[in-house]
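The values are calculated or read from the model by the stated rules, or taken from the named source; none is laboratory data. These numbers were taken from a predicted model, which means no experiment stands behind them. Neighbour counts are summed over all protein chains in view; Cβ atoms, including those assigned to glycine, are modelled from backbone coordinates with ideal geometry. Calculation scope for accessible area: heavy atoms of the full protein, side chains included, ligands and nucleic acids excluded. Shrake-Rupley method; radii C 1.70, N 1.55, O 1.52, S 1.80 Å.
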Amino acid sequence: RKLVNFIPWGPASIQVALSRKSPYIESANKVSGLMIANHTSMAQLFGRTVNQYDKLKKKNAFIDQYRKEPMFSENLDEFDSSREVVIDLIDEYKAAERMDYVSWGGESSSTANANSSASSSI
């Protein structure tokens with residue numbers, strides 16, 4: 001079973017921190033901390049959040065509470081733009097798992113953006 005996806009381009013995919021004595025917490029223990037981190041799994045967490053949001057939005061759940069606020073009285077565009085930001089963040093995390101991540105988002109995406117903006121102005 002493959003439980004964790006480590007980044008192929010990073011020399012230190014696992015972060016471990018050990019300390020004899022914590023500078024923040026008084027403790028009688030000999031080892032105060034251990035951390036093993038895989039930050040690329042955050043894409044799954046954000047993906048679940050977007051799916052849950054989509055289900056609530058489809059049912060118009062809790063919308064009436066937001067419409068009472070001046071910011072949302074006319075429309076709910078702020079929610080849609082926030083959803084797009086989270087989708088972009090998911091794409092970034094997924095790209096971080098690829099071997100070509102170091103060059104991801106560089107020239108190829110700026111060229112694609114230029115091409116899409118040029119075609120939209122036609």
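Output the residues belonging to region 84-105 that are in a helix (DSSP H, G or I) and in contact with a helix residue (DSSP H, G or I) (Cβ under 9 Å, 6 or more places away or on another chain). Full working, then the answer.
Narrowing region 84-105 to residues in a helix (DSSP H, G or I): 84-96, 101-103.
Correct list: VAL86, ILE87, LEU89, ILE90, ASP91, GLU92, TYR93, LYS94, ALA95, ALA96, TYR101.
Answer with yes or no whether SER81 is of a type outside the set (D, E, K, R), in a helix (DSSP H, G or I) and modelled with pLDDT under 90.
Working: of a type outside the set (D, E, K, R): yes; in a helix (DSSP H, G or I): yes; modelled with pLDDT under 90: no.
In short, no.
Anything in region 40-59 that is open to solvent by 100 Å² or more (accessible area, probe 1.4 Å) and modelled with pLDDT under 90? List them, or say none.
Here is the first cut: in region 40-59, the ones open to solvent by 100 Å² or more (accessible area, probe 1.4 Å) are 44, 48, 52, 55, 58-59.
The answer is GLN44, and nothing else.
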